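Each remark here refers to the structure printed beneath this line.
Values quoted throughout were computed directly from the atomic coordinates according to the rules given, and no laboratory measurement underlies them. Just so it is clear, the model here is predicted, and its values are computed rather than measured. Here the Cβ is made from the backbone with ideal geometry for all residues, glycine too, and neighbour counts use every protein chain on show.
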Amino acid sequence: QVQLVESGGGLVQPGGSLRLSCAASGIAVSTNTMGWYRQAPGKQRELVASKTSGGTTNYADFVKGRFTISRGNAKNTVYLEMNSLKPEDTAVYYCYADRSGDTLWGQGTQVTVSS
């Protein structure tokens, strides 16, 4: 059974930083495409960043230069380092795994950027 458990969300001031973690079980982060989506109230879920098994990363234009996706193979965890946060980054952030065409989701973690 695959489980993706996010953590690290919270309230942060504009310009601040957060690091989200996605602890995976039942699936190896090193051999599957993993990434992050987010969903703000009243908006559709949108891709934030992804990383393939080969190490290729992809970022949404609105986070390029500010967010970094990485993985820790020993801990089987995917990370999203978020810097220079803006109020418009406020959303629920979801970890996902793409396993042979099936998308698996975590439960999400709330990120709120506000002064």
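Quick notes on this structure:
- For the chain, share of DSSP beta bridges that run antiparallel, in % to the nearest 5: 95 percent
- Mean projection area, nm², convex hull over Cα of the chain: 6.7 nm²
- A simple spin-label model places pseudo-atoms 7 Å from Cα toward Cβ; at Arg99 and Asn73 they are separated by 1.9 nm.
- Stretchable slack from Gln107 to Lys86, in nm (0.36 nm times residue separation minus alpha-carbon distance): 5.3 nm
- Isotropically averaged projected area of segment 58-115, using the convex hull of Cα atoms (one quarter of hull area), nm²: 5.0 nm²
- Comparing Asn73, Asn83, Asn58 in a Gaussian network model of the chain where C-alpha atoms under 10 Å apart are linked, the largest mean-square fluctuation is found at Asn73.
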